[in-house]
Amino acid sequence: MGAGDRPGLRGPQRPCGGVRRLAADLGRLGWTHPGVARFLAGVSLEALDASRGLVPRALRDIQAGRAAGRFTLTDAEIALGAVAGGLLGLLRLRERHPERVDEASVDQLAEACLRLLGVPASEAARLVASSLSPVGAVRR
């Protein structure tokens, strides 16, 4: 099941779910996979050049959201860079000041990412408030 293939998110909702899932999963790496989180924070935006894994999947979700009229940014790679920058910043902050980053921080960033992409604030809040796996249950 891909990042945007969550049950219950169909049609134009699917790209939003993919971006939300990406933000939630990556944002929670500090708890679930601290070594991976440190690595990603260390390689920084070079991770955007990956040809496999989350980066191309996230780019496809953003392109699909743009094509469906859900996202308003015209350049999917710029949108991906903006979202990735926020996520990497959160991982770095979690690494350096773990007491300052909690699950609410991850949710706030996920909502901000959706809003940055053009999702209306009320809808972004609703999407983020919908159920998501708790920190300990993130897929491996």
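The values are calculated or read from the model by the stated rules, or taken from the named source; none is laboratory data. Fair warning: this is a prediction, and the values are worked out from it, not measured in the lab. Note: ideal-geometry Cβ built from the backbone for every residue, glycine included; neighbour counts use all protein chains shown.
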- Task: Determine whether the stretch 8-16 contains at least one residue that is at positive phi and either at pLDDT 65 or above or outside any helix (DSSP H, G or I) (or both).
- Result: yes
- Residues within the stretch 43-94 that are in a loop (DSSP other than H, G, I, E, B), in contact (Cβ under 8 Å) with a residue 24 or more places away in the chain and closer than 23 Å to Thr32 by Cα, tallied: 0
- Does Asp75 fit the bill of being over 21 Å from Gln108 (Cα atoms), modelled with pLDDT of 85 or more and out of contact with any Pro (no Cβ under 6 Å at 6 or more places or on another chain)? yes
- Is it true that Arg100 is at pLDDT 90 or above and either of a type in the set (Asp, Glu) or closer than 20 Å to Gly30 by Cα (or both)? yes
